[in-house]
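Report on the following structure.
The values are calculated or read from the model by the stated rules, or taken from the named source; none is laboratory data. Predicted, not measured: the structure shown is a model, and the values here were computed from it. Neighbour counts run over all protein chains shown; Cβ positions are idealised from the backbone, glycine included.
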Amino acid sequence: MAEPVAFFITFSTYGTWLHGRAPGSVDRGHNVPRTPWLPVDTGLESARRQQMRQPEYVLDDARRQVVLRTILEVARHRQWRIWAVHVRTNHVHVVVSAAARPEKVMIDFKAWASRRLREAFNEDADRDRWTQHGSTRYLWNESAVGETSAYVLDEQGEPMARFDGRNATSEPEA
């Protein structure tokens, strides 16, 4: 079986993207860009909110910059190729080629970002910053990498903390 060219990894911040929320949320059956999300269900969202142990975690501009720098740092250290990153207020998209399982890549990004956020903002070590898992999709060809990178960089609304790695000379964007 062929190896994937890259992975499309998405993870959200704790408590900000609950199932049932408007305009919708994603589960295993609704995990493809540009396809419908789960329908809005205010009862489900309310139930999920009541189960939260801590307040939601939102990434302001300074925190988004820390997360972006950390993802790039981890990728350089692990010798992973970053195609695109977009850190938003409540989620992170990454397109990355790595000689590791996508779950390991996502775990490393989240763990190191948590460490750097804790250091930079003197946050409590017990603070939940990320949802328990996230989305890991395999990209099987260069065309899928290009299309997904364009989605990550250009189709997320107002640009926030981004990195376009399609060109090897790119620098992170504020």
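Values for this structure:
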item	result
Residue ID - nearest to W130 (Cα to Cα), chosen from residues in the stretch 75-90 that are surrounded by 20 or more Cβ atoms within 10 Å (Cβ to Cβ) and not charged (D, E, K, R)	V87
Cβ pairs under 8 Å, 6+ apart, first in the stretch 141-163 and among the hydrophobic types (A, V, I, L, M, F, W, C), second outside any helix (DSSP H, G or I) and exposed (fewer than 13 other Cβ atoms within 10 Å of the Cβ)	L153/P159; A161/A174; F163/E171
Check on V67, within 20 Å of A161 (Cα to Cα) and in contact (Cβ under 8 Å) with a residue 40 or more places away in the chain	yes
Restricting the stretch 128-174 to residues that are small (G, A, S), modelled with pLDDT under 95 and out of contact with any Phe, Trp or Tyr (no Cβ under 7 Å at 6 or more places or on another chain), the residue that is farthest from A75 (Cα to Cα)	G157
Evaluation of A99 against (1) over 15 Å from F163 (Cβ atoms); (2) crowded, with 22+ Cβ neighbours inside 10 Å; (3) small (G, A, S) (one fails), failing number	(2)
Any hit, the stretch 134-144, residues being basic (K, R) and either surrounded by fewer than 16 Cβ atoms within 10 Å (Cβ to Cβ) or touching a helix residue (DSSP H, G or I) at 6+ places or on another chain (Cβ under 6 Å) (or both)	no
Some residue of the stretch 42-50 being at pLDDT below 95, in a helix (DSSP H, G or I) and among the hydrophobic types (A, V, I, L, M, F, W, C)	yes
Residue count, the stretch 109-127 (criterion: in contact with a helix residue (DSSP H, G or I) (Cβ under 9 Å, 6 or more places away or on another chain) and in contact (Cβ under 8 Å) with a residue 60 or more places away in the chain)	2
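For (1) within 20 Å of S12 (Cα to Cα); (2) assigned to a helix (DSSP H, G or I); (3) out of contact with any strand residue (DSSP E or B) (no Cβ under 8 Å at 6 or more places or on another chain), each residue gets a yes or a no:
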residue	(1), (2), (3)
K104	yes, yes, yes
L117	yes, yes, yes
D124	yes, no, yes
D128	yes, no, yes
H133	yes, no, no
V152	yes, yes, no
E158	yes, no, yes
R162	yes, no, no
